[in-house]
Amino acid sequence: MKTLSDVIEAYILDIIKGSENGSVHLKRMDLSFKFSCVPSQINYVLNTRFTIERGYLVESKRGGGGYVQIEKISASDIPSFLKKIECVSGEMTSMMGKKILERLGEEKIITDRGLAIIWQLIKDESLPIDDKKGKK
């Protein structure tokens, strides 16, 4: 059974797919009204489903007449994609890395086998990491 968050995500994805440039402006209040939910539910969907790792830049303006702009960014230009991720998120976590790798796999930029190999190389348990005192 789909949750309200799933329904809202699917609706937004349909709007993005229908746009010419992969970018849309939406009003948070309009979405809240359409789905009979509070604006924080819309925020939750945006914060968890439309992340930079998943290939979306979200710009939000709050207050009267506020809007949300969602832009789908391509991962095919990997240097540009990684630069956008760095600008938005700062330090990358292993979970962000995994989501980025999944996205590269979804867009067929990397094969499933390549994805599995890279993930094994970078996951936390694979390589010893020096702590702050220089010990392994």
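The values are calculated or read from the model by the stated rules, or taken from the named source; none is laboratory data. Here the structure is a predicted model, which is why all the values come from computation and not from measurement. A quick note on method: Cβ atoms are made from the backbone with ideal geometry, for glycine too, and the neighbour counts reach across all protein chains shown. Ligands, DNA and RNA are excluded from the accessible area calculation, which covers all protein heavy atoms including side chains. Shrake-Rupley method; radii C 1.70, N 1.55, O 1.52, S 1.80 Å.
Computed quantities for the displayed model
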| read-out | value |
| --- | --- |
| Any hit, the stretch 68-76, residues being in a loop (DSSP other than H, G, I, E, B), exposed (fewer than 15 other Cβ atoms within 10 Å of the Cβ), out of contact with any helix residue (DSSP H, G or I) (no Cβ under 9 Å at 6 or more places or on another chain) and of a type outside the set (Gly, Ala, Ser) | no |
| Flag if residue 54 is open to solvent by 20 Å² or more (accessible area, probe 1.4 Å), at pLDDT below 90 and closer than 16 Å to residue 9 by Cβ | yes |
| Residue tally, condition over 13 Å from the mean Cα position of the chain (by Cα) and under 18 Å from residue 21 (Cα atoms), over the stretch 33-66 | 0 |
| Subset of the stretch 107-118 (residues that are at pLDDT 80 or above and either out of contact with any Gly (no Cβ under 6 Å at 6 or more places or on another chain) or open to solvent by 80 Å² or more (accessible area, probe 1.4 Å) (or both)) | 108, 109, 110, 111, 112, 113, 114, 116, 117, 118 |
| Residue count, the stretch 1-49 (criterion: open to solvent by 30 Å² or more (accessible area, probe 1.4 Å), part of a helix (DSSP H, G or I), touching a residue at least 24 places away in the same chain (Cβ under 8 Å) and closer than 18 Å to residue 73 by Cα) | 3 |
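Matching residues to (1) of a type outside the set (D, E, K, R); (2) in contact with a Lys or Arg (Cβ under 6 Å, 6 or more places away or on another chain):
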position	(1), (2)
5	yes, no
9	no, yes
12	yes, no
21	yes, no
31	yes, no
34	no, no
43	yes, no
